[in-house]
Structure formats: C-alpha cells, structure tokens
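Below is one structure, written out as structure tokens; the observations come after it.
The values are calculated or read from the model by the stated rules, or taken from the named source; none is laboratory data. As the structure is a computational prediction, the values presented were derived from the model and not from experiment. With ideal geometry, Cβ positions are generated from the backbone for all residues, glycine too; neighbour counts draw on all protein chains shown. All accessible areas refer to the heavy atoms of the entire protein, side chains included, with ligands and DNA or RNA removed. Shrake-Rupley method; radii C 1.70, N 1.55, O 1.52, S 1.80 Å.
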Amino acid sequence: MTHTQPRTLIKDLATLPDGPVTVQGWVETVRDQKRVQFVILRDESGSAQLVNPVNEDTAATAATISGLMHGSFVTVRGDLKADERVKLGGLEVKVAELVVETVAKDSPIADDSSIDKRLDWRFLDLRRPEAQLIFRVQTTIEHAFRQHWIDEGFIEIHTPKLMATASESRAELFEVPYFETTAYLAQSPQLFKQMAQSAGFGKIFEIAPAFRADPSFTSRHATEFTSVDAEISWVESHEDVMAMHEQLLAKAVTAVIERHGEEIQQRFGIELQAPTLPFPRIPHAEAKRIVEEGGHTIERADGDLDPEAERRISAHVKETQGHDFVFVTEYPSTVRPFYHLRPEGREEVTNSYDLIYNGVEISTGAQREHRIERLREQALEKGMDVAELEEYLGFFEYGVPPHGGFGMGLARVVMLMLGLSSIRETTFLFRGPTRLHP
C-alpha cells in the first residue's frame, strides 16, 4: 500500500475534516451484510467504524473483509466522513484499500474468562479498553509523582536489585547464584535510600521492582512488584514524612481526575474525588479501640491490625470524615523494624505509620533511627545478629541526619483507585507463587 497521508490515531479523527485518512489497528468485530460490510477497528487510542459498500468495484476488498479474523492487524486507507447517525464517534471511514498485516487465530479467551485464564493470555487480555485505561492511569500517577518530586528538589536514584545480604529480613528472600557466592533479590531499597541520606542527597525517590518470596495468594500480594520509595533528611518526626506523602498522592489523584476522570467513570463506574489535606491521622491504639468497639476482635498475636481491621477503620474514617485515606500512626515497637525511631520517653511506640486507602494498606512510612548506638540496641532487642548488619550500620559511623521515608506498592494504589478486586489486574505481567508465565 502506498501511503498518501501519515497514519492517524483514531482518537484524532474527530478533529479532521472529511477526506482521505490512513488508520491502523486490530479488528474488533465484523458485520458482513449482503450489501454493506462494517468493521470496528481499534488502535491504542480508541475504536472507529469502517464501512465497505459491496459492489463490483469493491469485490476484492469485500472478500478480504469477509475472511477477516478478529484480532488481525490491518492498515486501511479510506475517506473519513462525519455522520451523526454513527453511534461510534459520529464518524466512519469508507474503505478504499485494506491490507491485512498479520492474521490472528481465534482468541482463546472471552469476556467472561476467569482472571487466571486471562493472565495465561495476558497480551490478548490487555487489548481491552479497560485494561489500557489502567495503565494510562498508572502512567499519569507515576508522572505526577516524578513531577512533584522534581519540583521539590528530589534526586532520583536507581538502587541495585542484587544484594549480598537481606534488605529487610531473611524471611521472604529469593536466593540467586552469583558467580562463586549467593546473592539475594532486593526486598526493598531500604539500605540504599538511607545510605543516600548519609551521602548528603537530602531528598531522594525511586520507582523500581522489589521482590518478596511470600507464598501468599491474596488479591494484594505478589512476588515481584513495583515499589514507590522516597526518603528525606532533616525530619523532626514522621509528621514530616506524612506531609510529603499526602501531598504526593493528592497531586497524583488530581492529575488522574483531570486526564482520565470521565473515562474512569464510564469504564469502572468510579467518580474520583481529589483528597483534601491533611489526611486524617489516628494513633494505632485508638484505631484498635475503634475497631474492637465496633465488634471486631483482632486475633493477631503481635497486636498489628489485620485486613478486616484496616477495612473497618477506613470505613469509620469515610463515614465520620468523608475521606478515602487515613494514616494509622504510632505503631508499637514490637511490630516495627529495629530501624524505626522510638520517641524519647515512649519506647513502646515508634514514629511510624501505615497509610490505608479505601480499606487496604498501601504503604508503611517512618522516621528512621539515625543514632548508631540506638540501632545496635534495638537490633539486639529484636534478637538480630548485629554482625550481619555491619554493611547497613557502617554508614551510620560517618554521620546520618535525622531522616524518614516510605515504601508504597504502585499496583495497590491503582487497584484501589479504580475499585478493582486484585493487583493481578493492575500489574502488566503478574508474578506470584505459581505464576512465572507469560
């Protein structure tokens, strides 16, 4: 085919005058009638109707269209015409020439296929407009995050994902043969983002993979996920971290509303509202009391909130304050890592928080302990081998300012924003205990 004009995205057809256009995409449906043929063509921007009157002059094209398989990729040259009777965008393209670029087989999945079946054929599943919207929303969120951080003077870092020692704990570690030794896939960039504070970077961020050898099969766990991390120096408490965190999310939600709000409502039935600042804050002890007075007994031995408690405290905040987000603060030191700072005179709690969004925890943040003697004491108290922590503790020997930060799961944020039931829907290619393909 000789192109007389460049390719036009389907979403841009409405801006053009009637006349010749070239469109390219895949075939969604074919209605092959006796005197006229209709093809719904989809590309990455939307769908449009193609029309081909059947007569002697169009016989070759008609034969090609009759044999089109759904999902086949085609290039079409034709004449654009506005027609308010056409339900799909009020326009159609009369086919002058159609070239089949690749022929598709019958799709092995359908609209009612299970999530596991759809994940087996993820490249086909992702052709759904809802799926593409998910990742456009994700793109907007990440861009909003980066724009906010850059505007605020943050430095982006890229930390190693192959580590000589555990980044969090020896539980949930993936081991990897590494020449004559063993390496571990990073559970988080915790070690390195704190190292950046010792380096004097001040404020840093990273959006990158993290790995957990967690055999969970819940809707919110994965063995590989995208972690959103930030760390800032010269904090007075975890309040400084929460202020940074809530500003970041408010910017992201607002950006999603501006760019995708109408389509989100159309595709998912969700009317997003920009969150007000500050987000509600509830101390952990008070959150437990509210949940238990509401009739739920938390049976965890460590005293942490369970998923039902998170749902209930989120519902309480939504009902009483009309907010989708809530910080649960001051977690007990018994359920927090050794490196979370414990305020003077209140050794039983930490300057830390979990951020709950629409009933699910999406992030943990804290002020970090920056005094090496306290770090050693708290590590020993947790029964840890301080000798194994020397790489981590080493940079504290040379000075680290008071600092804090958070780690947040990107797929969870998108899942909860769009009202979806599983991060399998909001992960491009999901990895779990029984899934390594495709």
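Observations on the model:
- Its DSSP H runs of at least 4 residues, each contributing -39,500 (n - 2.57), put the calculated 222 nm mean residue ellipticity of the chain at -9000 deg cm²/dmol, to the nearest 500.
- Considering only ILE204, THR165, SER227, and ranking their Cα positions along the charge dipole of region 141-241 that arises from unit charges at the beta-carbon of Lys, Arg, Asp and Glu, the one farthest toward the positive end is THR165.
- Length added when fully stretched, ASP79-ARG289, from 0.36 nm per residue minus Cα-Cα: 68.9 nm
- Cα centroid separation - region 240-260 against region 360-398, whole Å: 30 Å
- Annotation for region 181-222 versus region 127-144: alpha-carbon center distance of 24 Å.
- Region 1-77 - charge dipole about Cα centre, Lys and Arg +1 at Cβ, Asp and Glu -1, debye rounded to 20: 100 debye
- Accessible-area composition of the chain, carbon plus sulfur, in percent [1.4 Å probe]: 51 percent
- Only the Cβ atoms of Lys and Arg (+1) and of Asp and Glu (-1) were treated as charged; on that basis the dipole of the chain about its Cα centre amounts to roughly 1300 debye.
- Projecting the Cα atoms of SER421, GLY365, VAL349 onto the charge dipole of the chain, computed from C-beta unit charges around the Cα centre, puts SER421 farthest toward the positive end.
- Tail weight of P(r) past 32 Å, computed on alpha-carbon pairs of the chain, percent: 49 percent
- Cα-based shape type of region 282-438, given that a ≥ b ≥ c are square roots of the gyration tensor eigenvalues and the cut on a/c is 1.5: oblate
- The chain: most fluctuating residue of SER237, SER363, SER114 per GNM, C-alpha cutoff 10 Å: SER114
- For region 260-317: accessible area per residue (Å², 1.4 Å): 57 Å²
- Region 127-206 shape via C-alpha gyration tensor axes, a/c threshold 1.5: oblate
- For PHE179 and ASP112, the difference between the fully extended length at 0.36 nm per residue and the C-alpha to C-alpha distance is 19.4 nm.
- Nearest-10 value in Å² for the accessible area of ASP112, using the 1.4 Å probe: 140 Å²
- Only lysines eight or more places from LYS117 in sequence, or on another chain, were considered; those with a Cα closer than 18 Å are LYS105.
- ALA14-ALA243 FRET efficiency (beta carbon distance; Förster radius 60 Å; 0.05 resolution): 0.90
- Assigned charges on the beta-carbon of Lys, Arg, Asp, Glu; region 330-396 dipole about Cα centre (debye): 160 debye
- Mean separation of Cα contacts under 8 Å, 6 or more apart, over the residue count of the chain: relative contact order %: 13 percent
- Restricting region 386-438 to chymotrypsin sites (Phe, Trp or Tyr not before Pro) in coil, as DSSP defines it, with at most 12 other Cβ within 10 Å: PHE428
- Centroid-to-centroid, using Cα positions, region 297-337 and region 1-64 are 54 Å apart.
- Here the calculated FRET efficiency for GLU28 and GLU262, from their Cβ-Cβ distance with R0 = 25 Å, stands at 0.70, rounded to the nearest 0.05.
- Antiparallel bridges, percent of DSSP beta bridges restricted to region 1-150 (to nearest 5): 90 percent
- Cα gyration tensor category, rounded, prolate or oblate, for region 203-294 with a/c compared to 1.5: rounded
- Positive-pole candidate from GLY90, LEU410, LEU389, dipole of the chain, charges at beta carbon: GLY90
- Largest-first ordering by accessible area, 1.4 Å probe, given options HIS284, HIS437, HIS70: HIS437, HIS70, HIS284
- Cα-based reach from LYS87 at 18 Å (exclusive), listing lysines while leaving out same-chain residues under 8 positions away: LYS11
- Label-point separation, SER45 to VAL86 (7 Å along Cα→Cβ), nm: 1.5 nm
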